[in-house]
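Q: I am attaching a structure below and will ask some questions about it afterwards.
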Amino acid sequence: MGGLSASPRTLRGALVTVAARGPSSSAVVFQYNPDSVSRTLKPRAAPSEQHVGPADAHRLWGAPVETITMSVELDATDHLESADPTATSVGIAPQLAALELLLYPSSALVITNTALLQMGTIEILPPEGPLTVLVWGPGGAVPVRVDGITISEQAFSPSLAPIRASVDLSLQVLSYNDLPVSDPGHALFLAHQVLKESLASRAGGVRVPTASAVTASGLPGA
């Protein structure tokens, strides 16, 4: 038992939402961390492809477009064994609802907008959602947009409450190219990039020659 007490404590990933106005926030902490996380990075396209010429071949038009996919497991078994009243009555439905609500406008706002429309308001802008942040380890907090949620409910209680499920999340990282300077996510992503640059400086490896050095070496194209 002595060895177990010295085991490092594993941090949990989470999706944290911060309201655009006011200090209110909420967090969906992963019950179990995903076994794997897939990240796809693609270079950002030029603002207008018709203006791109040979001189623009090496230009970087901003931070890459990054997509993150992961599968989160939810299981009420441990809570059921301890007779947790919430798990006994509704299983993992609260955790599923918290994840699904990342894609919903608030019902209070929907009701308010509906009332305004009935009063003759000509146009109502789509509601602004909260800032959503994926927290994944030290320095791994990035603003994201939830692009998709796929829920596979795999077991149910006698009252048909889900007690085990797998949730596939598709997230797009929002960079300073996607957010206004006034948005807190703008500074958060910039800090994320600075940390990434710091980590890259510790990677070592082969020294990359400069363009002038390559030209002076007499390689083709000099």
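Table: residues versus (1) out of contact with any strand residue (DSSP E or B) (no Cβ under 8 Å at 6 or more places or on another chain); (2) surrounded by 13 or more Cβ atoms within 10 Å (Cβ to Cβ).
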| site | (1), (2) |
| --- | --- |
| TRP61 | yes, yes |
| PRO64 | no, yes |
| ILE68 | no, yes |
| GLU73 | no, yes |
| LEU80 | no, yes |
| ALA93 | no, yes |
| ALA97 | yes, no |
| LEU101 | yes, yes |
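Q: Test of understanding: among ALA165, ALA200, ALA115, which residue is over 16 Å from ILE68 (Cα atoms), of a type in the set (A, V, I, L, M, F, W, C) and at pLDDT 95 or above?
A: ALA165
Q: Mind telling me which of the residues GLY137, GLY120 ends up being at pLDDT below 85, farther than 25 Å from GLU66 by Cβ and not aliphatic (A, V, I, L, M)?
A: From the options GLY137, GLY120, the qualifying one is GLY120.
Q: How do the pairs read when you match residues in region 134-162 that are closer than 18 Å to GLN95 by Cα with residues anywhere that are surrounded by 12 or more Cβ atoms within 10 Å (Cβ to Cβ) and of a type in the set (Phe, Trp, Tyr), using Cβ under 6 Å and keeping only pairs 6 or more apart or on different chains?
A: PRO162/PHE156
Q: Can you name the residue in region 133-155 that is touching a helix residue (DSSP H, G or I) at 6+ places or on another chain (Cβ under 6 Å) and closer than 19 Å to ALA19 by Cβ and is also surrounded by the most Cβ atoms within 10 Å (Cβ to Cβ) among such residues?
A: Only one residue tops the list, namely PRO143.
Q: Of everything in region 162-194 that's part of a strand (DSSP E or B) and of a type in the set (A, V, I, L, M), which residue is surrounded by the most Cβ atoms within 10 Å (Cβ to Cβ)?
A: Restricting to residues being part of a strand (DSSP E or B) and of a type in the set (A, V, I, L, M), the top hit is LEU171.
Q: If you check GLY129 against the conditions, is it modelled with pLDDT under 90 and either surrounded by 11 or more Cβ atoms within 10 Å (Cβ to Cβ) or of a type in the set (A, V, I, L, M, F, W, C) (or both)?
A: yes
Q: Tell me which residues, restricted to region 89-133, are in a helix (DSSP H, G or I) and either at positive phi or among the acidic types (Asp, Glu) (or both).
A: GLU100
Q: Here is a follow-up. Please enumerate the residues belonging to region 50-90 that are of a type in the set (Gly, Ala, Ser), touching a Leu at 6+ places or on another chain (Cβ under 8 Å) and at pLDDT below 95.
A: ALA87
The values are calculated or read from the model by the stated rules, or taken from the named source; none is laboratory data. Quick caveat: nothing in here was measured; it's all calculated off a predicted structure. All Cβ positions, even for glycine, are placed from backbone atoms using ideal geometry, and neighbour counts span all protein chains on display.
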